[in-house]
Amino acid sequence: MSPGKIFIFSAPSGAGKTTLINCVRRAVPEIVYSISATTRPPREGEVDGRHYFFLTEEEFRSRIQQGEFAEWACVHGHYYGTPRSFIDTTIAGGRSIIMDIDVYGKKKFDTLYPAAIGILILPPGLEKLEERLRARNTDDEATIELRLANARKEMEFAEKYGKYEYSIINDNLEKAGDETIRLVRSLL
Ligand code: 5GP
């Protein structure tokens, strides 16, 4: 049996990455979603063990020390990490994984899993991104400012140092959704 593939989606927040990942998950149900751990408090409607494993900082640090993460990063002031054992058992069993990692985490991830396929989702422009972050209505003003400043840096980092085999500009959700699904299917 050949091992499963790993698809990594990265994007500045607000680029529509989560929506596109969900499109792929619906259209390609055999692909498995890797649930990350985070110290960020749950947003309304988020469920522990489904959207994230919500951990305290102490728990998170102890897991870092035990080598349990394939990569971890501090994003917008909170820790995020990818549990390693889940990835290894899933791909060894021949199933492919889709995951959401920020551009810095992806860079670290590449050293352990160089065959992972990187897909970068980009907003049509920073102004559009700001509009979307505001429309989402999940973050306060300071958080939005922080996310916008980070988005700028993340896009620069991805361009200079990232290994992304594919990029998709999300200017129209339906079109970008179809494009993403077609891409993933063609690579499975
Ligand atoms: P959010 O708090 O909006 O769900 O996610 C914030 C950022 O954390 C996003 O850029 C997302 O890609 C990143 N993120 C989510 N899970 C992981 C992970 O396991 N590792 C890393 N490095 N970043 C992650």
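The values are calculated or read from the model by the stated rules, or taken from the named source; none is laboratory data. The model shown is predicted, which means the values in this text are computed figures rather than measured ones. For neighbour counting, all protein chains shown are included, and Cβ atoms are generated from backbone atoms with ideal geometry for every residue, glycine included. Heavy atoms of the whole protein, side chains included, go into the accessibility calculation; ligands, DNA and RNA do not. Shrake-Rupley method; radii C 1.70, N 1.55, O 1.52, S 1.80 Å.
Structure notes:
- Top-ranked residue of segment 124-137 - restricted to ones that are open to solvent by 10 Å² or more (accessible area, probe 1.4 Å) and either within 13 Å of the ligand (Cβ to nearest atom) or basic (Lys, Arg) (or both), ranked as modelled with the highest pLDDT: ARG134
- Per the listing TYR166, TYR104, the residue uniquely in contact (Cβ under 8 Å) with a residue 24 or more places away in the chain, open to solvent by 30 Å² or more (accessible area, probe 1.4 Å), aromatic (Phe, Trp, Tyr) and touching a Gly at 6+ places or on another chain (Cβ under 8 Å) is TYR166.
Here's the yes/no breakdown for (1) at pLDDT 95 or above; (2) part of a loop (DSSP other than H, G, I, E, B); (3) touching a strand residue (DSSP E or B) at 6+ places or on another chain (Cβ under 7 Å):
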{"site": "SER13", "(1), (2), (3)": "no, yes, no"}
{"site": "ARG26", "(1), (2), (3)": "yes, no, no"}
{"site": "PRO42", "(1), (2), (3)": "yes, yes, yes"}
{"site": "ARG50", "(1), (2), (3)": "no, yes, no"}
{"site": "GLU58", "(1), (2), (3)": "yes, no, no"}
{"site": "ARG61", "(1), (2), (3)": "yes, no, no"}
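- Selection count, segment 20-36, where residues are more than 16 Å from the ligand (Cβ to nearest atom) and in contact (Cβ under 8 Å) with a residue 40 or more places away in the chain: 5
- Within segment 123-172, being touching a strand residue (DSSP E or B) at 6+ places or on another chain (Cβ under 8 Å), of a type in the set (Gly, Ala, Ser) and not in a helix (DSSP H, G or I) holds for GLY162, SER167.
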